[in-house]
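Asker: A single structure is presented below for examination.
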Amino acid sequence: MTDIKGTTRVCGLIGNPVEHSISPLIHNSLAGFTAHDLAYVTFKVESGQVKTAVDGAYALNVLGMNVTVPHKQEVIEALKDIDPLAKAIGAVNTLVRVDGGYKGYNTDIFGLERELEDEGIIIEDKPVVILGAGGASRAIAFLCAKKCAAKIYLLNRSIEKAELIAREVNDFFNNDTVVPMKMADYTTLDCTDYVVIQTTSVGLHPHDNEAVIEDEIFYSNASVGVDIIYNPAETKFMKLMKAQGKPAYNGLKMLLYQAVAAFELFNGISVSKEHVDAVYDVIKGEL
Ligand code: ATR
């Protein structure tokens, strides 16, 4: 952790709630390992106050910010500039200080992209099944389409949300890669060896023993699974995958890599693998 001095720059996280966040641990560890003179804190901001908060942060010379639930959409109106992919996704989680305000990015998708690369999971030309159609799912659907998945089956309890995301992604890439489906219709999937990405909140602690699909056939037909949940470290979804002899990963690396990407954007640097690995050990030890 940095010694706070007159020169110390501030970065922070705006959201509500923010008390549970491990972003301060990740960013302050990164600052320590890379010898950057910055301190990262959380700011609890009420809905309707996001623009006021962002304008105030700029006036206070805050270097950069992350944005979490429920402000990833509302923050867009407070930006000076926005990255085109973040604009298409309609959600921003990173604000980088530029002349006259902040530029918005979505590093959640960089986070998953780097986790997939790390684990050797290939999306290109593969069928992908995404479980859930919330904010995280929308960004992941964009990422999988950008990475040229053969087909993306977007399964959700309420089909309307899946249909909306499918329309937006397909319109953006001008194709029909994303196929919306009702969660209950997973038995009609017309492919095997799919990559499954679990984005629903089902299985999140303290509901450790729940999974949105329990049927072992669904898991035996998959090739690999990623759950974006990282608490518990091994979700029921991951256990169901492993019971069929399939590899399964949690969302801790995605979380780490989205923070690393934000830290890199804040500071205009590239963090070495050695420092990323060191921070991964720190956060694994905390959970
Ligand atoms: P996030 O921003 O993390 O993606 P979210 O936008 O609240 O979170 O989305 C939560 C997702 O979990 C949604 O896809 C939700 O399904 P609905 O759109 O039908 O509500 C899904 N989800 C939450 N609880 C669920 C449950 N008990 N069964 C099935 N899906 C569930």
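Readers should treat all values here as calculations from the given coordinates under stated rules, not as data from a laboratory. What you see is a predicted model; the values in this text were computed from it and never measured. FYI the Cβ positions are ideal-geometry reconstructions off the backbone, even for glycines, and counts take in every protein chain you see.
Asker: Based on DSSP H runs of at least 4 residues, each adding -39500 (n - 2.57), what is the mean residue ellipticity at 222 nm of the chain after dividing by all its residues, to the nearest 500 deg cm²/dmol? If you can, show how the numbers build up before the last one.
Answerer: Numbers: 10 runs with 108 residues, N = 287.
Helix-only estimate at 222 nm: -11500 deg cm²/dmol.
Asker: Another question about this same structure. Show the residues, 5+ positions off or on another chain, whose built amide H is closer than 5 Å to the amide H of ASN231.
Answerer: HIS205
Asker: Here are some pairs, LYS51/LYS253; LYS80/LYS147; LYS72/LYS253; LYS151/LYS182; which of them have Cα atoms lying more than 23 Å apart in this structure?
Answerer: Too far apart for the 23 Å limit: LYS51/LYS253; LYS80/LYS147.
Asker: Once both axes come from the Cα atoms, what is the angle between helix 50-59 and the longest principal axis of the chain, in degrees from 0 to 90, rounded to 10?
Answerer: Taking Cα atoms only, the helix is inclined about 40 degrees.
Asker: So, one more: So what's the Cα pair-distance distribution over the chain, bin width 5 Å, in %?
Answerer: Reading upward from the zero bin: 1, 6, 12, 16, 18, 16, 13, 9, 5, 2, 1, 0, 0.
Asker: Tilt of helix 135-146 relative to the longest C-alpha principal axis of the chain, in degrees (0 to 90, nearest 10)?
Answerer: With rounding to tens, the tilt is 70 degrees.
Asker: Net charge within 15 Å of GLU216 by Cβ-Cβ distance, Lys/Arg positive one each and Asp/Glu negative one each, not counting GLU216 itself? Walk me through the numbers before you get to the answer.
Answerer: Details: positive: LYS236, LYS239, LYS242, LYS246; negative: GLU214, ASP215.
Its environment carries a net charge of +2.
Asker: Relative to the compact globular guide of 2.2 N^0.38 Å, what is the alpha carbon radius of gyration of segment 120-246, as a ratio?
Answerer: Against the empirical 2.2 N^0.38 Å value, I get 0.98 for segment 120-246.
Asker: Taking the Cα centre as origin and putting +1 on Lys and Arg beta-carbons and -1 on Asp and Glu beta-carbons, what dipole magnitude results for segment 120-246, to the nearest 20 debye?
Answerer: Charge dipole, segment 120-246, about its Cα centre: 240 debye, nearest 20.
Asker: Taking every DSSP beta bridge that has both residues in the chain, what percent is antiparallel when rounded to the nearest 5?
Answerer: The antiparallel fraction comes to roughly 20 percent.
Asker: Hey, can you rank 105-116, 59-70 by average C-beta count inside 10 Å, highest first?
Answerer: The packing order, highest mean first, is 105-116, 59-70.
Asker: Based only on the alpha carbon positions, what is the Kirkwood hydrodynamic radius of segment 56-125, in angstrom? The partial results should precede the final answer.
Answerer: Details: mean 1/r = 0.0766 Å⁻¹.
One over the average 1/r among Cα pairs gives 13.1 Å for segment 56-125.
Asker: Another question about this same structure. Tell me, how many Å apart are the Cα centres for segment 171-201 and for segment 1-54?
Answerer: 36 Å
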